[in-house]
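Here's the structure, in structure tokens; my notes come after.
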Amino acid sequence: MILEDFLYFDTNGLYCRYGNFYIDPVKPVQTAVISHAHADHAIPGNNEVYCTEATSLFMKQRYGKNAAKFFNLAGYNKPFTIGGVHITFIPAGHMLGSAQILMEHQGVKYLYTGDYKLQPDATCEPLEWVKTDVLITESTFANPAILHPDPIEEIGKLNDIKVNILLGAYGLGKSQRLINLINEHVPQKTLLIHHSIMPLNGVYQKMGVDIGKHQLYSRKLMKEQKEYVYIVPPFTFESYYRAVGVKRLFASGWKNLQVNQNDTLFISDHADWNDILQTVEKTAPKQVWTLHGDGNHLRKHFGDRIFVKILN
């Protein structure tokens with residue numbers, strides 16, 4: 001029997017009372033299961049963290065001694081138990097080390113997807129499908145009007161830009177994917193990387209992931225027009241709003257970060273509407289629970305066929 005209170009939100013975040021742990025808590029807790037290392041899912045200060053090795057390395061790189069008191073590392077498809085709940089990490093395809101969290105309790109399977117994507121990405125483990133009784137899916141882009149474009153076509157826009165490019169992107173996950181895509185599909189470009197992103201690239205290297213050729217930014221290089229692409233985090237991108245001699249582009253799937261058709265690379269690391277429908281088909285749940293977005297479109301789409309609960 002599906003337990004309707006198996007997961008619910010309290011002031012610390014998404015709580016599993018049957019195992020006494022939180023998933024991606026928003027405040028420090030005693031026991032946290034972390035799906036991936038982005039700051040809105042992996043905060044510092046938890047006492048005990050369960051996650052993949054890559055997630056732990058990113059957290060330690062970003063938070064130092066405050067990352068967590070104890071890390072418990074689990075490989076993909078290697079079950080472990082917290083309280084009375086059996087847990088397995090399944091690749092989520094969102095970024096390096098990202099995991100779906102499959103929880104089994106009293107014969108019922110609950111699959112928390114975390115952030116995930118179906119698009120190919122050579123810089124992280126590809127998403128894997130598993131059957132579940134309850135699919136707990138992010139609904140960031142759960143809207144029939146939102147369909148992500150082909151990332152290869154988007155990155156191809158750089159071929160037509162002959163001046164140096166200032167390319168804004170999130171430092172973790174997105175930047176490394178862009179480095180890989182540009183090396184693969186726009187190889188004439190020379191990639192310069194902001195100093196704050198380089199240590200994160202080092203974690204990829206440590207995990208055996210070759211993201212492609214790149215080098216540390218220097219002001220001297222950017223004074224020449226040699227089709228450089230300088231990848232910077234959002235705060236640096238905003239500070240260069242008066243930059244001359246460069247084409248400013250921002251890479252994002254988020255509408256609030258997109259500038260316009262000419263100044264945005266529409267590259268998302270999340271599932272769009274069709275991807276979510278495919279996920280429901282592949283995982284074959286009896287119920288769908290949504291979070292991190294608006295689940296009303298899914299509720300309307302499935303009607304009486306599948307029960308849809310909106311967690312947040």
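Determine the gain in length on full extension of the stretch Arg17-Leu311; use 0.36 nm per residue of separation and subtract their C-alpha separation, reporting nm with one decimal.
Here the answer is 104.3 nm.
Can you bin region 104-144 into rounded, prolate or oblate? Criterion: square roots of the alpha carbon gyration tensor eigenvalues sorted a ≥ b ≥ c, rounded for a/c under 1.5, prolate for a/b above b/c, oblate for the rest.
Oblate shape, in that a/c is at least 1.5 and b/c is the bigger or equal ratio.
Which whole-percent values make up P(r) of region 65-131 when all C-alpha to C-alpha distances are grouped in 10 Å steps starting at zero?
20, 45, 29, 5
Mind pulling the per residue volume of the convex hull built on the Cα atoms of region 217-312? Å³ is fine. Intermediate results must be reported in sequence, preceding the final value.
Working: hull volume 14.0 nm³, N = 96.
Looking at region 217-312, the number lands at 146 Å³ per residue.
In whole Å, what three semi-axes, largest first, describe the equivalent ellipsoid of region 15-79 built from its Cα gyration tensor (square root of 5 times each eigenvalue)?
Result for region 15-79: semi-axes of 16, 14, 10 Å.
How much of the accessible area of the chain, in percent, comes from carbon and sulfur atoms when a 1.4 Å probe is used? Intermediate values should be presented prior to the final figure.
Values: 7280 of 14020 Å².
C and S atoms contribute 52 percent here.
For a quick check of understanding: with a 1.4 angstrom probe and all protein chains in place, what accessible area in square angstrom does Arg17 have, to the nearest ten?
Around 130 Å² of this residue is reachable by solvent.
Which entries in the list Lys189/Lys220; Lys27/Lys206; Lys69/Lys174 go over 20 Å, if you measure between the two C-alpha atoms of each?
Lys27/Lys206; Lys69/Lys174
Leaving out ligands and nucleic acids, and using a 1.4 Å probe, what accessible area per residue does the chain come to in Å²? All intermediate terms of the calculation are to be shown ahead of the outcome.
Details: 14020 Å² over 312 residues.
Spelled out: the 1.4 Å probe surface of the chain, per residue, equals 45 Å².
Can you bin every Cα-Cα distance in region 10-163 into 10 Å intervals starting at zero and give me the percent of pairs per bin, rounded to whole numbers?
Final binned percentages: 11, 38, 32, 14, 5, 1, 0.
If one computes P(r) from the Cα atoms of the chain, what percent of pairs lie at distances over 32 Å?
Result for the distance tail: 30 percent.
Which chymotrypsin sites (Phe, Trp or Tyr not before Pro) in region 164-264 sit in a loop by DSSP (not H, G, I, E or B) and have at most 16 other Cβ atoms within 10 Å of their own Cβ?
Passing sites in region 164-264 are Tyr240, Tyr241, Trp254.
What is the spin-label model distance, in nm, from Asn77 to Val26 if the labels are put 7 Å beyond Cα along the C-beta direction?
3.6
State the volume of the convex hull built on the alpha-carbon positions of region 141-210, expressed per residue in Å³ and rounded to an integer.
Each residue corresponds to 122 Å³ of Cα convex hull volume.
Under 13 Å from a point placed 7 Å out from the Cα of Lys206 along the Cα-to-Cβ direction: which residues of region 36-66 have their backbone N that close?
Within reach of a label on Lys206, which here means backbone N under 13 Å from a point 7 Å along Cα→Cβ, region 36-66 contributes 53-65.
Just to be sure I understand: with springs between alpha-carbon atoms less than 10 Å apart, which residue in Ile136, Ile87, Ile152 has the highest mean-square fluctuation in the Gaussian network model of the chain?
Of Ile136, Ile87, Ile152, the Gaussian network model singles out Ile152 as fluctuating most.
Most fluctuating residue of Pro79, Pro25, Pro44 in a GNM of the chain with Cα springs under 10 Å: which is it?
Looking only at Pro79, Pro25, Pro44, the biggest GNM fluctuation is shown by Pro79.
Give the lysines reachable from Lys286 as a straight Cα distance under 29 Å; neighbours fewer than 8 places away on the same chain don't count.
Excluding near neighbours in sequence, the set is Lys78, Lys109, Lys117, Lys131, Lys300, Lys309.
Using a basic spin-label model with each label point 7 Å from the Cα along Cα→Cβ, how many nm lie between Lys131 and Glu224?
Roughly 6.0 nm, to one decimal.
Add -39500 (n - 2.57) for each DSSP H run of 4 or more in the chain, then divide by its residues: what number comes out at 222 nm, to the nearest 500 deg cm²/dmol?
-5500 deg cm²/dmol
Given a 10 angstrom Cα cut-off, can you work out which residue in Ala32, Ala145, Ala74 is the most mobile in a GNM of the chain?
Judging by the Gaussian network model, the answer is Ala145.
Over the Cα atoms of region 138-285, Rg to Rh with Kirkwood Rh, two decimal places?
For region 138-285, the value is 1.00.
The values are calculated or read from the model by the stated rules, or taken from the named source; none is laboratory data. Not measured: the values here are computed from a predicted model. Glycine gets a Cβ as well: all are built from the backbone with ideal geometry, and neighbour counts include every protein chain shown. Quick note on the areas: whole protein, heavy atoms, side chains included, nothing else; ligands and nucleic acids left out. Shrake-Rupley method; radii C 1.70, N 1.55, O 1.52, S 1.80 Å.
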